[in-house]
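Notes follow the structure.
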Amino acid sequence: MYWSTEQLAGSIPTVILTEREHELGELETRAAKARTGHGGAVLVCGESGSGKTSFVETFIERSLDGERVLWGAADPLSTPRPLGPLHDLADNFSGSTQALLRNGDQPFEIFAAVFDELRTEPTLLVLDDLHWADQGTIDLFRFLLRRAPQTHLLMIGIARDDEVGVTHPLRGLLGDVARSSHAQSLAVPPLSLDAVTSMVGNRAVDPAWLHRVTGGNAFFVCEMLDHRTSDLPTTVRDAILARTAGLDGRAWDLLNLLTCAPGSIADHLLTDLGVSLPALRALDDAKLIKRDARGVAFRHDLCRLAVTSVIPPGAEPALHRRFIDAHHAASHPDPAIITHHALGAGDRRLITTAAAAAGRAATRSGAHTQAAEFFRIALAQGGLPATTEAELLELLAAEYYLTDRLDDAIDACRRAKLLREAMSADVALSADYHALAVYEWYNANRALADDLVTAAISVLDHRSESAEPPTLTQLGHAFAFQAFLAVQSTQLDTARQLLLRAREIGRKANDPMLLVRVDLIEGFCDVLAGRQIARADLLEILSAGPRHIDEIYSSGYTNLSYFDVEQRRLGLATELLDFCIPLMVEHDLPVCHVVQLGSRSRLKMLTGDWEGALADSDSVLGKPSAPLARTWPLLIRAVVSLRRNGDDLGALDEAWRLANRFGEPVRTLPVASAIVEKSWLTGVPDDRLERCRSLLREAPIVGLEWARGELAMWLHRLGGAVDTESLAAPYRLLVDGHHMAAAQAFDELSTPYDAALAMVDSGDSTQTRRALDILDRLGADAVAAKVRYDLRSQGTRVVPAPRRATTLANPAGLTTRQIEVLRLLEDGLTNAELAERLYLSVKTVDHHVSAILTKLQVTGRRDAVRRAREAGILS
């Protein structure tokens, strides 16, 4: 064990290993699976000094059997180096992959190339210090995790999980690992009192005191043990600095350089930095440095902190300048590292140029959070030419938008717009108006978005006859976005007129991407208008898109999935969202990702998976996200709480305010339906009911058949007369009094709540009992209580009591093993995969699946999962 054998004597390594045999066994099990072609990942977590890295090194020494080992690490930079660990490993990759790492502008292409490199032979990939990693590195790990199960690849990530906040990029990876059956987290535990006692041995140290003051931290314990004085140091800092006694000036110069280095000092820099062999030897003998694949580094980050605390005042700028000179003497200096040293040296001109280059590199690698930070650093230096400042502000605004920092995006883009106005740069000014329109729409400022896109058009429209292609292209995109906003308002005729103009401009400019955008928006119009083949046409356009999905294509997936749920193509919506949500993660498009999560939360609520709906809603609402993405999660949180407890906890008012900021019927009508439902459930009139009736009367007919139908259904239940013209079929049947036909139609759509209330509306006692059973299984306790109260008020003698929890948990009579199989069916596993997971024969699994289908009275696995969710067997 590298770390133990260097600093502990006798039996101490054995003590530590004995305490961590279980964790080593877990790693060895994962490695054994990877050897059979079932790769996966392990996150090794623990506090600084817990011995995570040494633990993994011990595993490699003890357990690997010829696998290739690739070890990369993130650096402790204030702004992480984009894909830093990958660049460390680049020499192990082919020339084409190295070129992509240097110059690639699409994260997906880089990730795919790296995956192809890793799966060529059994490989252990270790990514150390992930708590310092950029978003792109985290996304790479997530990308590989989804593909590793069919390879011989084992990934190990090492991170200080105690330093990972709620908004840290690593949070998403921790969630992926928790949900994956091919990955796990391993916590490296602190040393026990028994272990510390064994390590102390005959020393004049109280083991209980040492264990208490170190918290069992292995590094702290070892540092304390290295001191032989009667007065043990009270801080680890003193323990480390005691090792510097007797070092000469050259050794201290290297220590000072290391404090300024982002991680290791690469070998090719040592000579230009003036590092001598005696200095290296002296620090190695003092156990202050180590040699790794990346160069020379402090043996532990705590060594860095201790030495940094005594560095001479004012020494840092000169040290950083030496690094800058050494990097420029070498080939291909990394702009992120140059930015780090330029900041340390206080070189404002170099900070600007290096940070701007680093921001563009981060954008290409998909590290949008880091890109925004680099652009911010470049701008902060001031004194920039107006053109450069405007360009950096526009780049910064785009990164802020992609990372859900809409207010910051709007502020940056407004500043750029003022500069473009002063320069009379019409094309760039139109692009800024257009970008602001997009940002403001996502930010729920629909009226302002309309004004801004109109301005984007007016700046250029007078030049359209004689304009050059760049001008025409920008004008065409502005018309296309204006058409898109018309679609969101369900003003389909207006949208089509605008699209004619955009298409004409696209052909004149010969711009294929503009024409794709026009085709997609026209497809949305056709889908809303009920054109049967329109959906297939849209999917054909999307499937023909580039491997690196950009915002145009991601918007296509986002809107099609939204309209699928809106128009109750729920099976198709499930398939599409299962495909496109991971796609958004892979291509680092978080704005589209959270909107799609909102659509999936609505889908789950409609199909009776209320817990799943709340989980998706909480995922969106639990972090800063675009108001556009929050519309459905807010409403779902309100409606589920209302149906369960009779109280929406104020979320309905918030959803109503947000929907009205958009002013789009596709968003206001569903909230209006919930307001009416609340009045029906609670019996309390709402001042907004008349406004809800007006919405139904005024909303466009074509494209809103389902939203209008839902609102008409709830107003009908309150006793008001409603027009059934152009309502979706199930709602029209219900309002016209054909309750059981409506219930059957809702059941065929897999919307159990609507089906249950249609049965209640029928007034038939048998159907009402059946409806109560469904409501109980859904957990709609407040609604079921109202139905029972109404039955008693109507003189019904026998009112079914609520089902007992044990009955609800297993209403179909499934065995415990069958429920276990059913849960795995929900994950989409084949019978062979089920057999492997449960340690059963495939034949036995076949019998279990057959029994499940029989007991649930369905013919397919997907239907079994759906029926189980409706019945409350699966959450």
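The table for this structure:
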item	result
Near pairs, Cβ below 9 angstrom, 6+ apart or cross-chain, from region 818-838 (open to solvent by less than 30 Å² (accessible area, probe 1.4 Å)) to any residue that is of a type in the set (Ser, Thr, Tyr)	824/181; 829/181; 835/841; 835/844; 838/844
Spans of helices (runs of 4 or more DSSP H) in region 499-566 with at least 3 residues over 23 Å from residue 588 (Cα atoms) and free of Cβ contacts under 8 Å to residues at least 40 places away in the same chain	512-528, 534-543
Filter pass, residue 440 being open to solvent by 60 Å² or more (accessible area, probe 1.4 Å), farther than 25 Å from residue 705 by Cα and assigned to a helix (DSSP H, G or I)	no
Filter result for residue 849 (open to solvent by less than 60 Å² (accessible area, probe 1.4 Å), farther than 29 Å from residue 179 by Cα and at pLDDT 75 or above)	no
Scope region 335-365; condition open to solvent by 10 Å² or more (accessible area, probe 1.4 Å), closer than 30 Å to residue 585 by Cβ and in contact with a Gly (Cβ under 8 Å, 6 or more places away or on another chain); matching residues	364
Check on residue 144, farther than 24 Å from residue 337 by Cα and at pLDDT 90 or above	yes
Of residues in region 728-753 being touching a Phe, Trp or Tyr at 6+ places or on another chain (Cβ under 8 Å) and in contact (Cβ under 8 Å) with a residue 60 or more places away in the chain, the one surrounded by the most Cβ atoms within 10 Å (Cβ to Cβ)	752
Pairs where the first residue, in region 638-661, is under 23 Å from residue 772 (Cβ atoms) and the second is of a type in the set (Val, Ile, Thr) and surrounded by fewer than 23 Cβ atoms within 10 Å (Cβ to Cβ), C-beta under 8 Å, 6+ apart	646/682
Complete set of residues in region 611-625 that are crowded, with 22+ Cβ neighbours inside 10 Å and part of a loop (DSSP other than H, G, I, E, B)	625
Lone qualifier among 384, 395, 402 - being open to solvent by less than 40 Å² (accessible area, probe 1.4 Å) and more than 25 Å from residue 114 (Cβ to Cβ)	384
Qualifying position, being farther than 19 Å from residue 167 by Cα, open to solvent by 20 Å² or more (accessible area, probe 1.4 Å) and at pLDDT 90 or above, among 630, 600	600
Leading residue by the ranking (modelled with the highest pLDDT) among those in region 766-780 that are among the polar types (S, T, N, Q) and open to solvent by 20 Å² or more (accessible area, probe 1.4 Å)	767
Pair list, Cβ under 6 Å, 6 or more apart: region 418-445 residue over 17 Å from residue 631 (Cα atoms), other residue polar (S, T, N, Q) and at pLDDT below 95	427/471; 427/474; 430/474; 431/474
Condition broken by residue 539, with the remaining ones in (1) surrounded by fewer than 17 Cβ atoms within 10 Å (Cβ to Cβ); (2) at pLDDT below 85 satisfied	(2)
Filtered residues of region 706-727 (kept if touching a residue at least 60 places away in the same chain (Cβ under 8 Å) and open to solvent by 10 Å² or more (accessible area, probe 1.4 Å))	706
Listing of helices (runs of 4 or more DSSP H) fully contained in region 82-137 that carry 3 or more residues being out of contact with any strand residue (DSSP E or B) (no Cβ under 7 Å at 6 or more places or on another chain) and either of a type in the set (Phe, Trp, Tyr) or open to solvent by 10 Å² or more (accessible area, probe 1.4 Å) (or both)	95-103, 107-118
Some residue of region 67-78 being modelled with pLDDT of 85 or more, at positive phi and touching a helix residue (DSSP H, G or I) at 6+ places or on another chain (Cβ under 8 Å)	no
Residue within region 266-275 that is within 25 Å of residue 313 (Cβ to Cβ), over 44 Å from the mean Cα position of the chain (by Cα) and surrounded by 13 or more Cβ atoms within 10 Å (Cβ to Cβ) present	yes
Verdict on residue 77 being open to solvent by less than 30 Å² (accessible area, probe 1.4 Å) and outside any helix (DSSP H, G or I)	yes
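The values are calculated or read from the model by the stated rules, or taken from the named source; none is laboratory data. These numbers come from a predicted model, not from an experiment. Please note: Cβ atoms are built from the backbone with ideal geometry, for glycine as well, and neighbour counts cover all protein chains shown. For the accessible areas, the whole protein counts, side chains as well, though only heavy atoms, and no ligand, DNA or RNA atoms are used. Shrake-Rupley method; radii C 1.70, N 1.55, O 1.52, S 1.80 Å.
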